[in-house]
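We did not get these values from a lab; they are worked out from the coordinates using the rules stated. None of these values were measured; they are calculated from a predicted model. Please note: Cβ atoms are built from the backbone with ideal geometry, for glycine as well, and neighbour counts cover all protein chains shown.
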Amino acid sequence: MNTVLKVDNLTKIYSAPEGKQIKALDDISFEVPQGMIFGLLGPNGAGKTTTIKSICGLVQPDAGSISVMGWDVRRQRAKAMAQLAAVLEGNRNIYWRLTPRENLEFFAAIRGRKPGSLRKEISELLQVFGLEEKAKQPVRKLSRGMQQKLALAVTLVTGAPILLLDEPTLGLDVSASYEIRGILRRIVQEEQRTVIITTHDMNVVQDICQQVVIINDGRIVANDSIQHLMDLFQVRSYDLSVGQLTTEQRQHLEQLPYLQLVPVNSSWQISLDLENPASLWQALDILRQEQTPIESVNRKELNFEKVFMEILGGGQA
Ligand SMILES: Nc1ncnc2c1ncn2[C@@H]1O[C@H](COP(=O)(O)OP(=O)(O)OP(=O)(O)O)[C@@H](O)[C@H]1O
Ligand SMILES: [Mg+2]
């Protein structure tokens with residue numbers, strides 16, 4: 001498998017007021033293989049944007065090195081940058097006075113793309129991102145979500161093999177978020193491009209990322225495939241739908257850890273997260289005392305959000 005990005009022992013210290021220093025990145029190293037969606041995750045202030053900006057050459061690290069498809073970001077900057085397109089926090093990579101179509105034409109041109117096939121490709125991008133209607137309006141008149149979508153379309157039209165996307169689905173409506181996930185999956189599968197994405201939306205991560213690095217306080221706390229992390233943290237969760245409960249039963253059930261009781265019409269839903277499978281028997285014993293009918297039992301899929309919380313602080317975060 002080809003490595004397209006290599007981050008080696010990266011450290012970044014920012015100066016803060018009163019002579020204080022903030023170690024935003026503390027000796028982090030990771031590699032990104034070609035042709036996947038790679039998640040860069042972590043809580044607010046973890047160092048994700050600092051990492052992305054270091055890769056783009058916008059932040060000068062204090063130690064360590066980065067290479068993009070073999071080109072060193074510091075020493076061979078132009079070659080390294082030619083491989084990248086980025087959406088940074090706050091979608092600043094588009095021109096507000098230009099229309100969406102002009103933005104796409106402009107950014108394709110400065111990357112040296114030939115106009116021939118571009119007209120069709122640009123029309124397709126405008127259509128896919130739902131921007132056809134606004135194709136002739138200056139970008140400043142578009143809604144924030146539309147601007148966000150255009151910023152992403154601009155990274156696609158550059159033809160760059162590596163896309164760096166800092167929270168690309170932030171503030172997008174549900175259907176736009178799904179559309180963008182589909183587009184990212186497609187460019188990775190069909191064009192073997194590589195996407196490095198930061199997001200706080202663990203549904204997005206679970207849905208499209210194959211591998212993740214999790215940063216906390218400037219240090220890497222996990223570097224693994226989603227599947228392996230899910231297997232490691234296999235938490236069994238069940239949803240039980242049951243009939244009427246006596247007050248006593250409710251009190252007993254509510255005392256069990258990892259259990260949630262929610263009234264649904266004339267019956268109850270019991271959600272169980274079982275770190276210890278024996279708790280299921282305790283819950284069932286309480287139901288058996290009154291011969292409470294159990295209408296359904298479903299095993300819930302483990303979600304990555306829980307795994308993420310576990311990694312960051314034993315589920316306490
Ligand atoms: N220009 C700067 N000057 C001083 N400190 C900074 C600067 N930029 C970032 N920091 C600090 O570096 C740390 C990491 O910030 P960074 O923006 O990389 O976090 P993040 O993981 O992107 O967080 P978020 O999820 O909130 O976007 C934080 O403590 C932040 O306050
Ligand atoms: Mg950030």
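Using the Cα atoms as the points, what is the convex hull volume per residue of segment 202-259 in Å³? Residue-normalised Cα hull volume stands at 140 Å³.
Tally Lys/Arg at +1 and Asp/Glu at -1 over every other residue whose Cβ is under 15 Å from the Cβ of Thr246; what's the total?
-2
Placing +1 on the Cβ of each Lys and Arg and -1 on the Cβ of each Asp and Glu in the chain, which of Thr11, Ile214, Gln83 has its Cα farthest towards the positive end of the resulting dipole? Result: Gln83, furthest along the dipole toward the positive end.
Can you compute the FRET efficiency between Lys136 and Gln21 using 1/(1 + (r/R0)^6), with r the Cβ-Cβ distance and R0 = 35 Å? Round to the nearest 0.05. Mind showing how you got there, number by number?
Numbers: r = 49 Å, r/R0 = 1.41.
Plugging the Cβ-Cβ distance into 1/(1 + (r/R0)^6) gives 0.10.
Listed by chain and number, the lysines placed with their C-alpha closer than 30 angstrom to that of Lys120 are Lys79, Lys134, Lys136, Lys141, Lys149; residues fewer than eight positions away on the same chain are left out. The slack in the chain from Gln269 to Glu295, taken as 0.36 nm per residue of separation less the alpha-carbon distance, amounts to 8.4 nm. Between Arg236 and Lys114, the simple label model (points 7 Å from Cα in the Cβ direction) yields a spacing of 6.1 nm.
Principal axis extents of the C-alpha atoms in segment 159-214 (largest first, rounded to whole Å): 26, 26, 17. Averaging the sequence gap over all C-alpha pairs within less than 8 Å and six or more residues apart, then dividing by the number of residues, gives segment 250-317 a relative contact order of 18 percent.
Give me the extension gain from Ala63 to Val262: residue separation times 0.36 nm, minus the current Cα-Cα distance, reported in nm with one decimal.
Contour length minus Cα-Cα distance gives 66.4 nm.
Two numbers describe the Cα atoms of segment 3-231: Rg and Dmax, which are 17.6, 56 Å. In segment 24-176, a dipole from Cβ-located charges (positive for Lys and Arg, negative for Asp and Glu) runs towards its positive end, and of Ser67, Ile94, Ile37 it is Ile94 whose Cα lies farthest in that direction.
Charging the Cβ of each Asp and Glu at -1 and of each Lys and Arg at +1, and nothing else, the dipole of the chain about its Cα centre rounds to 1900 debye. If we count every other residue with Cβ under 14 angstrom of Gln60's Cβ, Lys/Arg +1 and Asp/Glu -1, where does the sum land? The answer is +3. Couplings for segment 204-220, taken from phi via the Karplus curve 6.51 cos²θ - 1.76 cosθ + 1.60 with θ = phi - 60°, read 4, 4, 4, 6, 10, 7, 9, 9, 9, 10, 10, 10, 9, 6, x, 10, 7 Hz in order; Gly and Pro are left as x.
Just to be sure I understand the curve: with the Debye formula and one point per C-alpha of segment 189-317, what is log10 I(q)/I(0) at q = 0.12 Å⁻¹? Those come out to -0.60, one per q. Here, segment 85-138 is characterised by an Rg to Rh ratio of 0.95, where Rg is the alpha-carbon radius of gyration and Rh the Kirkwood radius. Computed from backbone phi with θ = phi - 60° and the Karplus coefficients 6.51, -1.76 and 1.60, the 3J(HN,Hα) list for segment 134-141 is 9, 4, 10, 9, x, 4, 4, 8 Hz; x is used for glycine and proline.
Relative contact order of segment 3-231: 29 percent, from C-alpha pairs under 8 Å at least 6 residues apart in sequence. Projecting the Cα positions of Ser177, Gln147, Met309 onto the charge dipole of the chain (unit charges on Cβ atoms of Lys, Arg, Asp and Glu, taken about the Cα centre) puts Gln147 furthest along the positive direction.
The HN-Hα couplings worked out from phi for segment 100-112 by the Karplus form 6.51 cos²θ - 1.76 cosθ + 1.60 (θ = phi - 60°) are x, 4, 5, 4, 5, 5, 4, 5, 5, 5, 5, 8, x Hz, whole numbers, x standing for Gly and Pro.
Taking the alpha-carbon centroid of each part, what is the distance from segment 233-253 to segment 78-149 in angstrom? For segment 233-253 versus segment 78-149, the Cα centre distance is 51 Å. Start at zero, step by 5 Å, and the Cα-Cα distances of segment 236-301 spread as 4, 18, 34, 29, 12, 2, 0 percent across the bins.
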